[in-house]
Every structure is written in C-alpha cells, then in structure tokens.
Amino acid sequence: MSQIANIHQAFLASKGVSTDSRSNNKGFMFFALKGANFDGNRYVDSVMKDGAAFAVADDETLSGLTNVFIVEDVLTTLQELARFHRRYLNIPILAITGSNGKTTTKELVAAVLKEKYAIKATSGNYNNHIGVPLTLLSINESIELGVIEMGANHIGEIEALCKIVEPNYGIITNVGKAHLEGFGSFEGVKTAKGELYQYLKNTNGKVFINADNPHLNQMAANLSNRIDYGPNHGKITGQITADYPFVAITWHSHETKKSHDISTKLIGAYNLENILSAICIGYTLGVDEAAINKALQAYSPSNNRSQFIQTENNQIIMDAYNANPSSMQVALQNFARVDAENKILIIGGMKELGSDSLSEHRKLIDTIKELNLSQAMLVGEEFNDVAHDNKKFKCFTTTEELIDSLRAAPIKNAYLLIKGSRSNKLEEVLPYL
Ligand SMILES: CC(=O)N[C@H]1[C@@H](OP(=O)(O)OP(=O)(O)OC[C@H]2O[C@@H](n3ccc(=O)[nH]c3=O)[C@H](O)[C@@H]2O)O[C@H](CO)[C@@H](O)[C@@H]1O[C@H](C)C(=O)N[C@@H](C)C(=O)N[C@H](CCC(=O)N[C@@H](CCC[C@@H](N)C(=O)O)C(=O)O)C(=O)O
Ligand SMILES: Nc1ncnc2c1ncn2[C@@H]1O[C@H](COP(=O)(O)OP(=O)(O)OP(=O)(O)O)[C@@H](O)[C@H]1O
Ligand SMILES: C[C@@H](N)C(=O)N[C@H](C)C(=O)O
C-alpha cells in the first residue's frame with residue numbers, strides 16, 4: 001500500500017483532520033503545517049499526549065513517535081490526501097470561483113441543493129490551498145454532493161485546486177478587478193479564473209455560465225458542455241423587481257415556461273447574478289422550483305457581506321468583508337439608489353492592487369463624486385494623495401482614528417454604507433454607530 005493510502009486508512013479511523021494544537025485534538029489526525037508564524041511540528045508531541053489519534057509531520061526528529069507519519073512535506077501530503085479522499089468518495093462536486101460573489105453564490109447554491117441532497121459546502125471562506133483540502137477532508141460518506149469554493153490571487157492556483165478537487169461541475173461567478181497585484185492585470189484575472197473552464201473542458205465537465213456576461217462568454221467560447229443563465233439569456237432568466245432595502249426578483253424557466261416572484265434578504269442589485277446562478281444550478285440538478293424559492297427566500301447573509309444592520313441610531317449596510325474596484329463600484333451604485341435623507345459612506349482602502357492602486361483609488365473618488373455621495377469618511381493611506389481636495393471627505397489613517405472621531409462626534413439618523421478591504425477591520429466601528 002502506498003504511504004498516502006496508509007494515511008487515508010488512518011484518516012478514516014480518526015475523527016477528522018485538525019491543524020491547531022490549541023483546539024480539541026482528541027481522536028483527530030493532526031497535520032503539522034508550517035505558516036508565517038509557527039511550525040506545527042513543534043506541537044506534535046503535545047497533541048499526541050493530548051489524545052490525537054495520528055499526526056502527519058515533516059520533521060525527521062519526530063520519527064520515533066507512535067502513530068506519527070513522517071512525510072516529505074506536510075502541506076503537499078494534506079493536498080494529496082484530499083485528492084485521494086475525493087476519489088474514494090466518488091461524488092459529484094461543483095467548484096465555484098470568480099472575482100466577486102463566490103461565498104454568497106456558494107451559500108445560495110448550498111441552501112438550494114440542501115432541499116434535495118445531503119450536501120457539504122465550504123465553511124466560511126476556506127477557499128485556498130489549505131482551506132480547499134480541509135473542506136474535502138470534512139466530507140464523509142453520507143454526503144451526496146460537494147460544493148467547493150476556490151479562491152486565488154495568482155495564476156496557476158485554480159488549476160492546482162482543480163487537480164485536487166477534480167470537479168464535475170463549475171461556475172465562474174464573474175471576472176473583475178480584484179487581486180490585480182498577483183494577477184498582473186484584468187487579462188491575468190481572466191486567465192487565472194479561466195483555468196476552471198479549461199479543466200472542465202479537458203475532463204468533459206459541465207459549466208454554468210452567465211450568458212449575459214461578455215467576458216465569461218468570450219472565455220467560454222470553446223466550451224460545448226455549458227448551461228446558460230443570466231438576466232436575459234439562458235434556460236433560467238430573471239430580473240430585479242425591487243432592490244431597496246432588499247432584493248426581490250422575478251425569474252423564469254424557459255423549459256417549464258413558469259415564472260416565479262421571490263423576495264430575498266440580500267442587499268444589492270449585484271446579487272441578481274448570484275441568485276440566478278443558484279436557481280440554474282438547483283434547477284439543473286433536479287431541485288423542485290418551489291423548493292428553490294423557499295431556500296432563496298430564507299437565506300440571510302452574515303459575516304459582514306452586504307448585511308443590513310439597524311442600530312439604535314442608524315441604518316447600516318455592512319460590507320466590510322472585502323473590497324476591490326469591481327465590488328466597490330457596484331456597492332456604491334447600489335448605495336446611490338437608496339432613498340434616504342442623510343447618507344454617509346465609510347470607505348476603507350482597497351488592498352492587493354499593486355501598481356494600479358493609485359489610479360483605482362482616484363477612480364473610486366471620482367465615482368463617489370459623480371454619484372453625489374459626498375459625505376464620506378475614508379480610512380487608509382491609499383486616500384492620502386487622492387481625496388484631500390474635497391472638504392466633505394474626512395480622511396483617517398486607521399480605523400482606530402475613525403473610532404476616536406465617532407466617539408467624539410457620534411453619527412445619528414444616518415444611512416451608512418461601510419465597505420473596505422478586510423484588513424481595515426471596518427466592522428469594528430459598529431459599536432460606535
Ligand atoms: C496554516 C493555517 O491554517 N494558519 C492559520 C492560523 O495561522 P497562525 O497565526 O496560527 O500561524 P501559522 O499559519 O504560522 O501556523 C502554522 C500552523 O501551526 C499551528 N499552530 C500554531 C500555534 C500553536 O500554538 N499551535 C499550532 O498548532 C497553526 O494552527 C497552523 O496550522 O491561524 C490564523 C488565524 O485564525 C489563520 O488566518 C491562518 O490561516 C491561513 C492563512 C490559511 O490559509 N487558512 C486557510 C484554512 C484558509 O482557507 N483561510 C481562509 C482565507 C483564504 C483566502 O485568503 N483566500 C483568498 C484567495 C487565496 C489566495 C491564496 N494564494 C492565499 O494566499 O491564501 C480570497 O480572495 O478569497 C480564511 O481563513 O478565511
Ligand atoms: N455578483 C457580484 N458582483 C460584484 N460584487 C459582488 C457580487 N457579489 C458580491 N459582491 C461583493 O463582494 C462582497 C463579498 O461577497 P462574497 O464574500 O460573496 O464574495 P467572494 O468572492 O467570496 O469574496 P472573498 O474572496 O473575499 O471571500 C459583497 O459584500 C459584495 O460587496
Ligand atoms: C479576503 C480576501 N479574500 C480578499 O478579498 N482580499 C481583498 C484584497 C480584501 O481584503 O478586500
């Protein structure tokens with residue numbers, strides 16, 4: 001038996017994978033990962049004493065320990081084990097990538113598919129070279145279908161994740177200006193995300209495509225095994241019927257010729273494409289139309305992704321999970337449509353834009369001005385050179401500085417949009433609003 005087959009046998013006999021000595025490891029298989037701060041090998045001895053069933057390490061000095069597998073590289077072994085387990089499970093898997101809306105689409109798709117199948121979807125944002133293997137290894141034999149989110153900030157990462165996940169179905173939510181630093185340019189984003197289409201083409205998998213998105217259409221030009229949806233084209237189409245405060249849509253199945261009206265708890269017209277993709281995927285995989293509607297109406301976003309929050313003093317769209325030029329544009333346009341008296345923006349700098357950072361922050365300021373959203377609080381040094389000419393803008397270097405200002409001069413009776421890159425931690429202003 002190969003070493004990976006041996007490790008898989010042990011994995012099946014354990015309670016699952018753990019990677020943190022600070023969590024409960026009793027009965028688990030501990031993977032001694034190395035990261036930016038720690039070397040997991042240092043904790044192998046103690047997790048085994050604490051009752052871990054097995055450990056996988058790459059420090060030779062641990063080779064004398066019982067039930068510890070010594071491998072060449074722990075991360076690679078985690079990824080190989082995940083692929084081995086995926087093959088062992090032999091269930092259909094849908095992969096989701098894209099610049100924006102991956103997690104929301106994944107949550108909506110999961111909610112819809114749960115109506116018919118025992119499914120397992122990626123937890124939270126566990127979408128990278130560590131998160132994806134951990135997700136696969138959390139799937140047990142009772143699961144009928146997997147929904148796996150894939151993130152990337154470099155070319156080649158989606159291809160590598162596909163080789164681990166071996167998806168049967170895939171969707172690219174959209175391509176936009178995100179992670180430009182690693183992808184180099186918008187063309188680089190298309191190449192990187194297109195690796196999912198390429199994998200599915202080579203393996204005869206099925207691709208769900210927003211047929212109204214010209215970039216995706218161009219990227220999918222040589223794909224034959226495609227299922228289309230979109231506002232105006234495809235087997236599932238749909239339009240927004242209301243977008244304030246929450247999105248309502250009407251959707252149509254061109255196969256059954258039925259139309260449905262649903263109201264959701266999602267903020268932002270940009271969610272139309274996320275909702276339509278979930279309908280199309282659910283519908284294609286045999287979920288009943290009424291069950292699709294029930295699932296979508298019940299879903300409520302969390303974790304600072306386009307969340308509507310009513311505090312004692314203010315109404316807030318909390319969108320502090322991420323930011324990039326594309327998601328910023330649609331969030332601002334959505335906010336501009338909100339019919340409220342005292343609208344205030346709290347905007348954080350957009351990270352990972354490399355040499356495009358200055359020009360993209362300039363464009364952001366221009367959009368804010370064009371949309372007449374002049375009451376703005378801007379956080380981050382990205383705004384130093386682009387925002388000081390407008391007296392209505394208040395600039396802060398850090399979120400802490402903004403909090404000090406809110407403490408001194410609280411905001412009341414306002415409608416706020418809070419959006420910025422995750423590292424700004426803009427959600428920390430919530431208690432002061
Ligand atoms: C390895 C790991 O999981 N690290 C997490 C851990 O980090 P920590 O601060 O503890 O330090 P180390 O990483 O150095 O630790 C090494 C290991 O040692 C363990 N350990 C440490 C101390 C100790 O006393 N005992 C120990 O056992 C430790 O547990 C490690 O195993 O905690 C941090 C805080 O919770 C985590 O942030 C850190 O997670 C890392 C970054 C990670 O990659 N986690 C994945 C599971 C994941 O999927 N994370 C997602 C974020 C994904 C993401 O950013 N996606 C991007 C695109 C991806 C681009 C890709 N190229 C990339 O760079 O990732 C997107 O746009 O969506 C998440 O957390 O949400
Ligand atoms: N279809 C979309 N088009 C543009 N922007 C979107 C879309 N869907 C969501 N967004 C924006 O992206 C934010 C994050 O949404 P979500 O977490 O679903 O995306 P993501 O791609 O998973 O992001 P991340 O990679 O950071 O996890 C939302 O709060 C919203 O501002
Ligand atoms: C959170 C991570 N997936 C991401 O989207 N990063 C950008 C740069 C952000 O923090 O907004």
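The values are calculated or read from the model by the stated rules, or taken from the named source; none is laboratory data. All values derive from a computational prediction rather than experimental measurement. All Cβ positions, glycine included, derive from the backbone under ideal geometry; neighbour counts span all protein chains shown. Note: areas computed on protein heavy atoms with side chains; ligands, DNA, RNA excluded. Shrake-Rupley method; radii C 1.70, N 1.55, O 1.52, S 1.80 Å.
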Checklist outcome for this item: Asn41: passes all of (1) within 16 Å of ligand 2 (Cβ to nearest atom); (2) free of Cβ contacts under 8 Å to residues at least 40 places away in the same chain but (1)
Item to check | Scope region 376-408; condition more than 25 Å from Asn324 (Cβ to Cβ) and at pLDDT 95 or above; matching residues | outcome: Asp404, Ser405, Leu406, Arg407, Ala408
Checklist entry - Quick one: would you say Leu161 is more than 16 Å from ligand 2 (Cβ to nearest atom) and surrounded by 17 or more Cβ atoms within 10 Å (Cβ to Cβ)? => result no
Checklist entry - Counting just the residues of region 246-289 that are of a type in the set (Gly, Ala, Ser) and under 18 Å from Ile209 (Cβ atoms), which one comes out farthest from ligand 1 (Cβ to nearest atom)? => result Ser253
Checklist entry - Is there any pair with a first residue in region 261-275 that is of a type in the set (Phe, Trp, Tyr) and a second that is open to solvent by 20 Å² or more (accessible area, probe 1.4 Å) and not in a strand (DSSP E or B) whose Cβ atoms are under 6 Å apart and which are 6 or more apart or on different chains, and what are they? => result Tyr270/Val330
Next on the checklist: With the structure loaded, tell me whether Met318 is assigned to a helix (DSSP H, G or I), within 16 Å of ligand 3 (Cβ to nearest atom), in the same structural domain as Asn413 (by TED's automatic domain parsing) and not acidic (Asp, Glu) or whether it fails that test.
Outcome noted: no
Checklist entry - Can we say Asn313 is at pLDDT below 95 and open to solvent by 10 Å² or more (accessible area, probe 1.4 Å)? => result no
Checklist entry - Quick one: in region 169-186, which of the residues that are open to solvent by less than 10 Å² (accessible area, probe 1.4 Å) and assigned to a strand (DSSP E or B) is nearest to ligand 3 (Cβ to nearest atom)? => result Ile172
Checklist entry - Among the candidates Glu107, Glu149, which residue alone is under 16 Å from the mean Cα position of the chain (by Cα) and open to solvent by 20 Å² or more (accessible area, probe 1.4 Å)? => result Glu107
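Residue by residue, here is whether (1) closer than 29 Å to His154 by Cβ; (2) hydrophobic (A, V, I, L, M, F, W, C); (3) without any contact (Cβ under 8 Å) to a residue 60 or more places away in the chain holds:
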| site | (1), (2), (3) |
| --- | --- |
| Leu353 | yes, yes, no |
| Thr367 | yes, no, yes |
| Gly380 | yes, no, yes |
| Asn384 | yes, no, yes |
| Asn390 | no, no, yes |
| Glu401 | no, no, yes |
| Leu406 | no, yes, yes |
| Ala414 | no, yes, no |
| Glu427 | yes, no, no |
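Yes/no per residue for (1) buried (at least 18 other Cβ atoms within 10 Å of the Cβ); (2) among the small types (Gly, Ala, Ser):
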site	(1), (2)
Ser302	no, yes
Gly349	yes, yes
Arg362	no, no
Asp366	no, no
Ser374	no, yes
His388	no, no
Lys392	no, no
Checklist outcome for this item: Note on region 316-336: residues open to solvent by 10 Å² or more (accessible area, probe 1.4 Å), of a type in the set (A, V, I, L, M) and more than 8 Å from ligand 2 (Cβ to nearest atom) are Ala336
Item to check | Hits in region 75-92 (condition: closer than 15 Å to Thr203 by Cβ and buried (at least 21 other Cβ atoms within 10 Å of the Cβ)) | outcome: Arg86
Checklist entry - Can we say Asp356 is farther than 19 Å from Leu266 by Cβ and either surrounded by fewer than 22 Cβ atoms within 10 Å (Cβ to Cβ) or within 16 Å of ligand 3 (Cβ to nearest atom) (or both)? => result yes
Checklist entry - Of Asn217, Asn232, which residue is open to solvent by 20 Å² or more (accessible area, probe 1.4 Å), away from ligand 1 (no atom under 16 Å from the Cβ) and assigned to a loop (DSSP other than H, G, I, E, B)? => result Asn232
Checklist entry - Are there any pairs with C-beta distances below 9 angstrom linking a residue in region 328-340 that is under 12 Å from Asn372 (Cα atoms) to a residue that is assigned to a helix (DSSP H, G or I) and open to solvent by less than 10 Å² (accessible area, probe 1.4 Å), with the two at least 6 apart or on different chains, and if so which? => result Leu332/Leu364; Leu332/Ile368
Checklist entry - Does Ser327 satisfy being within 16 Å of ligand 1 (Cβ to nearest atom) and assigned to a helix (DSSP H, G or I)? => result yes
